[in-house]
Amino acid sequence: MTLLLGSLWPGLAAGLALGLCAGWLGGWPRGAAAGLGLLTAASLLGAVAMAGLVPGEAGFWTESAALMLWTYLGGCALGALARGARSDHEPAAGA
């Protein structure tokens, strides 16, 4: 896992930065279905990667995709939280 993190850190950093921007601009999903669908897909991909069901180079790509997807989704959540925290402290318009 350390080798995977060591070799993929640029992609993970880019996924986190992209997720922060997307979460900041988009905010939280309006419906629960979109968020649950993304979490389900990420969980299934992570389970396949952790179980080692895909061998060889394809398994490496599966593990990489799972790791980057979770990093991106974490960035989206942090960006949405930051947007929500910022909007709570803004003064009302016209005040």
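Each row is one residue, and each column tells you yes or no for (1) surrounded by 14 or more Cβ atoms within 10 Å (Cβ to Cβ); (2) aromatic (Phe, Trp, Tyr); (3) modelled with pLDDT under 90.
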| residue | (1), (2), (3) |
| --- | --- |
| Leu16 | yes, no, no |
| Gly19 | yes, no, no |
| Ala34 | no, no, yes |
| Gly46 | yes, no, yes |
| Gly52 | no, no, yes |
Is it true that Ala82 is under 18 Å from Leu4 (Cβ atoms), of a type in the set (A, V, I, L, M, F, W, C) and at pLDDT below 90?
no
Can you find even one residue in region 31-40 that is hydrophobic (A, V, I, L, M, F, W, C), part of a helix (DSSP H, G or I) and in contact with a Lys or Arg (Cβ under 8 Å, 6 or more places away or on another chain)?
no
Residue pairs, Cβ under 6 Å, 6 or more apart or interchain, first in region 59-84 and farther than 14 Å from Gly11 by Cα and crowded, with 16+ Cβ neighbours inside 10 Å, second modelled with pLDDT under 90 and of a type in the set (Phe, Trp, Tyr). List them.
Ala80/Trp28
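The values are calculated or read from the model by the stated rules, or taken from the named source; none is laboratory data. Only a predicted model underlies this, so the values are computations on that prediction, with no experimental measurement involved. Positions of Cβ are generated from backbone atoms using ideal geometry, with glycine treated the same way; all protein chains shown enter the neighbour counts.
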